[in-house]
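Asker: Before anything else, here's the structure in question.
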Amino acid sequence: MTDLMMTNKTTAAKTVPSPAAPESVDPGAAPKLLDQLRDRLRLKHYSIRTEQAYLHWVKRFILFHGKRHPAEMGKDEVEAFLTALAVDRNVAASTQSQALSAILFLYQEVLGQVLPWLDEVTRAKKPVRLPTVLSVSEVQALMAAVDDPEMALLVRLLYGTGMRVMEGVRLRVKDVDFARREIVVREGKGNKDRVTMLPGSLVEPLRAKIKWRQQQHEADLALGRGSVYLPHALAVKYPSADTAFGWQYIFAATGLSVDPRSGVVRRHHLDDQRVQRTVKKAARGAGILKSVSPHTLRHSFATHLLEAGQDIRTVQELLGHKDVSTTMIYTHVLNRGGLAVLSPLDRI
C-alpha cells in the first residue's frame, strides 16, 4: 500500500538499546546491506512508512548483535532480539510482529535464504480487544467540537464512510462519484480497492471543497508546480497525469514539500497526525472520557450500521474486511451489557 509521506517518521515503539560496536567490524558493511533492503522494498512497491519501519528494525537487529552480518545468524539470534523487545522494552505484540516481519523480509527477499526455522520462531500473540465505540450522541458531540472547517469535513467523512484515516487523507478527486454517490477507496489495507457510500449530507460540502482545491491547483500550476505523487509506474505510463486535477488529493497539505524518494517538490496530502490531534482534542472538548482516535469513528460506523439492522456481509464489504470473522467483532459490542441481556440483579 503506497503512502508517500513527506516527513521522516519513526516507529512509535521503543527499541532495544544499541550495544557498542566491535572495532573489527567494517562500518560500511551495514549501510550497504540497508541500501539493498531499501531498493528491494521500493521494487516491491512497499509504502514509505513500511520502508522506514523495516530499515529501522533491521538496523536495530544488526546493532543488537554487535553488527554481525545477518547471513551469519539465524533462529537463535532472531528469538533473542524479539525476546529482548518483549521483556526489556515491554513492546506490544503488534510491534514485535512488525520487527519479525522486517527481519524475515531481509532474509527472504534480500539475502535469498530459505528459512526452515521460520515456523519454530516464537511469535507474540496479539490480545483480542473489543473496539472502542462511541454512541450516536457522542459522535454528534465530537463533530460539533471540531472548529476547523476542513477537519470537520474530514471527520464527518471518516465516520460517514468507515474509511481509515490514511484512506481519507489520500482520497483523490477522481475517486468521488457524485452521480452514483460512491467513493472508491484505492489501495486500502492489503493493497485492495473497495467501494463505500458517499453520505448525502456531505455531497455539497465535498463539492465545495473540490472546487476550492481546483482553484488552489490552478494557482500551483501557474507557479510551475501542481504535480502529485502517482503510485508505482503510472507516472511513466501517463506522463501528464501527475498534474491532472483528477489525481490531486482532496485534502491537501497547506504547503509544498519535497518527495523523499524523487526529490520533487509537490503538494502532498494532509498529515494524518493533524487529524489524530484534532480528533483527540475534540473528544476532550466534548467531555468524552473514552480513548478516542480517528479509527474509533470507523468502529462506530460499523457498529451503528449493525444497530440499524444492516446485514453483516454488507458491512464487511464497506469496511473491506477479507473475512467476515473480522467484522463479527462488532456483534460482540452489540451483545454486551443491557442492550441485549437482562442482568440477574434486575430479576430480583
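Asker: Touching a residue at least 12 places away in the same chain (Cβ under 8 Å) and either farther than 27 Å from residue 196 by Cα or in a loop (DSSP other than H, G, I, E, B) (or both): is that true of residue 292 in this structure?
Answerer: Against the criterion (touching a residue at least 12 places away in the same chain (Cβ under 8 Å) and either farther than 27 Å from residue 196 by Cα or in a loop (DSSP other than H, G, I, E, B) (or both)), residue 292 qualifies.
Asker: For residue 134, are the conditions met, namely being within 18 Å of the chain's Cα centre (by Cα), under 25 Å from residue 321 (Cα atoms) and either part of a loop (DSSP other than H, G, I, E, B) or in contact (Cβ under 8 Å) with a residue 40 or more places away in the chain (or both)?
Answerer: no
Asker: Here's something else I'd like to know. Quick check on this structure: which one of 102, 152, 141 is within 28 Å of residue 61 (Cβ to Cβ), surrounded by 16 or more Cβ atoms within 10 Å (Cβ to Cβ) and of a type in the set (A, V, I, L, M)?
Answerer: Residue meeting the stated conditions: 102.
Asker: Continuing with this model, one more query. Across segment 44-88, what is the number of residues that are loosely packed, with under 15 Cβ neighbours inside 10 Å, more than 17 Å from the chain's Cα centre (by Cα) and touching a residue at least 60 places away in the same chain (Cβ under 8 Å)?
Answerer: 2
Asker: Also, I was wondering about something else. All but one of (1) assigned to a strand (DSSP E or B); (2) in contact (Cβ under 8 Å) with a residue 60 or more places away in the chain hold for residue 183; which doesn't?
Answerer: Among (1) assigned to a strand (DSSP E or B); (2) in contact (Cβ under 8 Å) with a residue 60 or more places away in the chain, residue 183 violates only (2).
Asker: Same structure, new question: Given the criterion assigned by TED's automatic domain parsing to the domain that holds residue 151 and part of a helix (DSSP H, G or I), identify the matching residue among 274, 261.
Answerer: 274
Asker: Given the residues 226, 200, which is the only one that is assigned by TED's automatic domain parsing to the domain that holds residue 264, among the small types (Gly, Ala, Ser) and surrounded by 16 or more Cβ atoms within 10 Å (Cβ to Cβ)?
Answerer: Being assigned by TED's automatic domain parsing to the domain that holds residue 264, among the small types (Gly, Ala, Ser) and surrounded by 16 or more Cβ atoms within 10 Å (Cβ to Cβ) holds for just one of 226, 200, which is 226.
Asker: Based on this model, can you work out whether residue 129 counts as closer than 28 Å to residue 50 by Cβ and outside the structural domain of residue 270 (by TED's automatic domain parsing)?
Answerer: yes
Asker: Between 305, 289, which is of a type in the set (A, V, I, L, M, F, W, C) and touching a helix residue (DSSP H, G or I) at 6+ places or on another chain (Cβ under 6 Å)?
Answerer: Among 305, 289, only 305 is of a type in the set (A, V, I, L, M, F, W, C) and touching a helix residue (DSSP H, G or I) at 6+ places or on another chain (Cβ under 6 Å).
The values are calculated or read from the model by the stated rules, or taken from the named source; none is laboratory data. This one's a predicted model, so the numbers in the text were calculated from it and none came from an experiment. Every residue, glycine as well, gets a Cβ built from its backbone with ideal geometry; the counts of neighbours run over all protein chains shown.
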